[in-house]
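**Q** Got a structure here, written out as structure tokens. Questions coming.
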Amino acid sequence: MFTAPKGTYDLLPPHSEEFLAVRAALVAPARLAGYGYIETPIFEDTALFARGVGESTDVVSKEMYTFDDKGGRSLSLRPEGTAGVMRAVLEHHLYAGPLPVKLWAAGPSFRYERPQAGRFRHFTQVDIEAIGLDDPTLDAEVLALADDGFRAAGLTGFRLLLTSLGDAACRPAYRKLLQEYLRDVDLDEDTRRRVELNPLRVLDDKRAQVQEQLAEAPLMVDHLCADCAAHYDVVRERLAGLGVRWAEAPRLVRGLDYYTRTTFEFVHDGLGAQSAIGGGGRYDGLSALLGGPDLPGVGWALGVDRVLLARRAEGVPAVESTRCAVFAVPLGEVATARLSAVVGALRRAGLAADMAYGGRGLKGAMKSADRSGAAYAVVLGERDLAAGVAQVKDLRTGEQQAVDLDSLVTTLQEKLQ
């Protein structure tokens with residue numbers, strides 16, 4: 001018998017109802033802010049991620065699912081969403097219209113990681129991207145929309161960690177300064193190689209023995225150029241105006257190379273080591289890296305799976321499944337044909353309706369009606385057909401009445417108002 005691949009999972013009812021509700025809640029604020037839906041392929045040219053995300057990142061060098069198709073093209077399952085969205089914006093010249101281009105997406109991503117609580121090889125994220133303007137007020141909007149999304153999903157115990165990673169004007173000098181500091185630190189061979197390739201990633205090393213040696217390491221926020229410092233000041237000013245709280249996190253480094261200036265992460269202390277529930281930042285150089293014009297951008301990705309875990313950690317009540325309102329119990333072929341039409345009419349009228357299938361007897365069918373959570377059961381047998389009525393039973397009170405078949409749908413609608 002087959003099972004789901006290691007590190008993946010199946011979404012099954014009734015828990016899948018909560019997944020859908022959380023996903024909708026996370027994106028609802030962005031939709032109110034004018035973000036339009038975009039859907040891109042779950043696999044792309046491998047070079048898109050190598051160039052856009054960064055060849056030296058763990059995501060690209062260790063975690064991507066990569067394969068050659070039958071035409072010999074190297075393709076990879078997407079490990080994140082932004083590179084694919086930017087590719088689509090460039091390919092379809094969306095930047096030629098009004099700016100910023102505001103987009104949202106939701107779907108699975110894939111990384112070959114060590115499976116553990118809150119970390120899967122297949123995970124679902126909600127993303128938003130605002131492309132085309134370098135405006136710190138837009139950064140604040142993006143952050144506020146994530147904050148609103150988490151609250152809409154029922155969370156209160158999360159924190160926003162915020163910093164600025166500078167830009168091409170100030171980061172190279174800081175990079176050199178950091179490398180000089182790190183070369184004098186006692187590091188293992190792999191970490192020393194990282195110092196030369198991407199020294200900022202060393203700051204994100206979680207090992208205690210490494211962090212102890214980084215206590216005096218220079219910080220990017222202390223070496224921002226005047227433009228980046230002014231940009232960061234406005235972001236924080238706008239966040240205060242929006243009522244969004246944050247904590248300064250000068251050592252914050254995201255796992256993707258394209259981030260510039262505003263960079264952030266949302267964490268939840270109820271999740272242990274895998275505390276991040278979302279994150280993102282500004283990526284002003286990504287478009288040019290992918291061969292496009294110089295288009296600034298800012299966005300985030302929020303983990304639906306992590307938010308579900310955070311809801312449980314906070315004791316947020318589970319979302320109930322869509323409750324059946326009417327459950328039809330036909331007794332015989334003629335009754336089945338008639339009630340099948342009634343159930344269809346109820347659904348078209350916007351009522352949740354189901355029926356007993358497989359020719360079950362009255363006792364078994366009524367057990368199914370009780371399990372469905374329906375408010376009313378409609379029983380139709382041979383005698384009822386002859387009389388032109390159906391028996392409508394209130395499953396909450398046990399009361400039952402005969403209702404003319406011709407007015408059955410209307411009567412049920414009235415009862416359920």
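Nothing in this text is a laboratory measurement; each read-out follows from the coordinates by a stated rule. Quick caveat, the model's predicted, so the values are computed rather than measured. Neighbour counts run over all protein chains shown; Cβ positions are idealised from the backbone, glycine included.
**Q** If you count the DSSP beta bridges with both ends in the chain, what percent of them are antiparallel, to the nearest 5?
**A** 80
**Q** Kindly provide the helix-only [θ] at 222 nm of the chain, computed as the sum of -39,500 (n - 2.57) over DSSP H runs of four or more divided by all residues, to the nearest 500 deg cm²/dmol?
**A** That calculation yields -10500 deg cm²/dmol at 222 nm.
**Q** Here is a follow-up. Relative to the longest principal axis of the C-alpha atoms of the chain, give the angle of the C-alpha long axis of helix 362-372, reported between 0 and 90° and rounded to the nearest 10°.
**A** Tilt relative to the chain: about 30 degrees.
**Q** Please report, in Å, the Rg and the Dmax of segment 33-84, where both are computed over Cα atoms only.
**A** Just the Cα atoms of segment 33-84 yield Rg and Dmax of 12.3, 42 Å.
**Q** Quote the relative contact order of the chain in percent (integer), defining contacts as alpha-carbon pairs under 8 Å separated by 6+ residues.
**A** 17
**Q** How much length is gained if the chain between Asp69 and Arg31 is pulled fully straight, taking 0.36 nm per residue apart and subtracting their Cα-Cα distance, in nm to one decimal?
**A** Extra length from Asp69 to Arg31 when fully extended: 10.1 nm.
**Q** Please list 103-112, 193-202, 69-78 highest first by mean number of surrounding beta-carbon atoms within 10 Å per residue.
**A** Output ranking for 103-112, 193-202, 69-78: 103-112, 193-202, 69-78.
**Q** Related question: Step through the residues of segment 116-125 one at a time and calculate ³J(HN,Hα) from phi using the Karplus curve (6.51 cos²θ - 1.76 cosθ + 1.60, θ = phi - 60°), rounding each to whole Hz and writing x for Gly and Pro.
**A** Values, residue by residue: 7, 4, x, 9, 10, 7, 10, 9, 10, 10 Hz.
**Q** Arranged from highest to lowest average of other beta-carbon atoms within 10 Å per residue, in what order do the peptides 388-394, 13-19 appear?
**A** Put in order of decreasing packing, that is 388-394, 13-19.
**Q** What is the spin-label model distance, in nm, from Ala169 to Thr3 if the labels are put 7 Å beyond Cα along the C-beta direction?
**A** According to this spin-label approximation, the distance is 5.6 nm.
**Q** A further question on this structure: Among Met355, Met366, Met1, Met86, what is the fewest-to-most ranking by other Cβ atoms within 10 Å?
**A** Met1, Met366, Met355, Met86
**Q** In the structure shown, do any of Lys363/Lys415; Lys6/Lys206; Lys367/Lys415; Lys6/Lys176; Lys62/Lys176 have a Cα-Cα gap over 30 Å, and if so which?
**A** Cα-Cα > 30 Å for Lys6/Lys176; rest within.
**Q** What does the net charge come to around Gly350 if you take all other residues with beta carbon closer than 15 Å to its beta carbon, with K and R at +1 and D and E at -1?
**A** Taking every Cβ under 15 Å from that of Gly350, the sum is +2.
**Q** Here's a follow-up. I want to verify the translational diffusion coefficient of the chain in µm²/s; compute it with Stokes-Einstein, Rh as the Kirkwood radius over Cα pairs, at 10 °C and 1.306 mPa s.
**A** The Stokes-Einstein estimate is 64 µm²/s.
**Q** Measuring from centroid to centroid over Cα atoms, what is the spacing of segment 371-417 and segment 79-108 in Å?
**A** So the separation of the two Cα centres works out to 51 Å.
**Q** Over the alpha-carbon set of segment 271-388, divide Rg by the Kirkwood Rh and report the Rg/Rh ratio to two decimals.
**A** 1.36
**Q** For segment 285-361 and segment 224-250, what is the separation of their C-alpha centers, rounded to whole Å?
**A** 39
**Q** Let me make sure I get this right: for segment 188-310, a, b and c are the square roots of the gyration tensor eigenvalues over alpha carbons, sorted descending. Under 1.5 in a/c it's rounded, otherwise prolate if a/b > b/c, else oblate. Which is it?
**A** rounded
**Q** Say each of Asp370 and Ser407 gets a label point 7 Å from the Cα, pointing the same way as Cα to Cβ; how far apart are those two points in nm?
**A** Each label point is offset 7 Å from its Cα along the Cβ direction, giving 3.1 nm.
**Q** log10 I(q)/I(0), Debye, Cα-only segment 326-415, no solvent, q = 0.12, 0.13, 0.25 Å⁻¹?
**A** -0.29, -0.34, -1.47
**Q** Using Cα positions and a limit of under 20 Å, work out the aspartates and glutamates in reach of Lys70, with same-chain residues fewer than 8 apart set aside.
**A** Glu44, Asp45
**Q** Using Cα-Cα distances under 8 Å and only pairs 6 or more residues apart, what relative contact order does segment 326-415 have, in percent?
**A** Taking the mean separation of contacting Cα pairs over the length of segment 326-415, I get 30 percent.
**Q** What length, rounded to one decimal in nm, is gained on full extension from Glu17 through to Tyr181, with 0.36 nm per residue of separation minus their alpha-carbon distance?
**A** Extra length available between Glu17 and Tyr181 comes to 53.9 nm.
**Q** Okay, next question. May I ask you to evaluate 6.51 cos²θ - 1.76 cosθ + 1.60, the Karplus curve with θ = phi - 60°, for each residue of segment 333-338 and list the ³J(HN,Hα) values in order in whole Hz, giving x for glycine and proline?
**A** Each residue of segment 333-338 in turn: 5, 5, 5, 4, 4, 5 Hz.
**Q** Among rounded, prolate and oblate, which fits segment 1-130 when a ≥ b ≥ c are the square roots of the eigenvalues of its C-alpha gyration tensor, a/c under 1.5 means rounded, and a/b larger than b/c means prolate?
**A** Oblate, because a/c is 1.5 or more while a/b does not exceed b/c.
**Q** Further, regarding this structure: Between helix 136-152 and the chain, what is the angle of the helix's C-alpha long axis to the longest principal axis, kept within 0 to 90° and rounded to the nearest 10?
**A** So the inclination is approximately 40 degrees.
**Q** Non-local amide H neighbours of Phe43 (under 5 Å, H modeled in plane, Pro and chain starts lacking H): which ones?
**A** The list, which skips near neighbours in sequence, is Arg78.
**Q** For helix 15-32, what angle does its Cα long axis make with the longest principal axis of the chain, in degrees from 0 to 90 and rounded to 10?
**A** Taking Cα atoms only, the helix is inclined about 60 degrees.
**Q** Taking θ as phi - 60°, what are the ³J(HN,Hα) couplings along segment 223-233 by the Karplus curve (6.51, -1.76, 1.60), each to the nearest whole Hz, with x for Gly and Pro?
**A** Values, residue by residue: 10, 6, 6, 4, 5, 5, 5, 5, 4, 5, 4 Hz.
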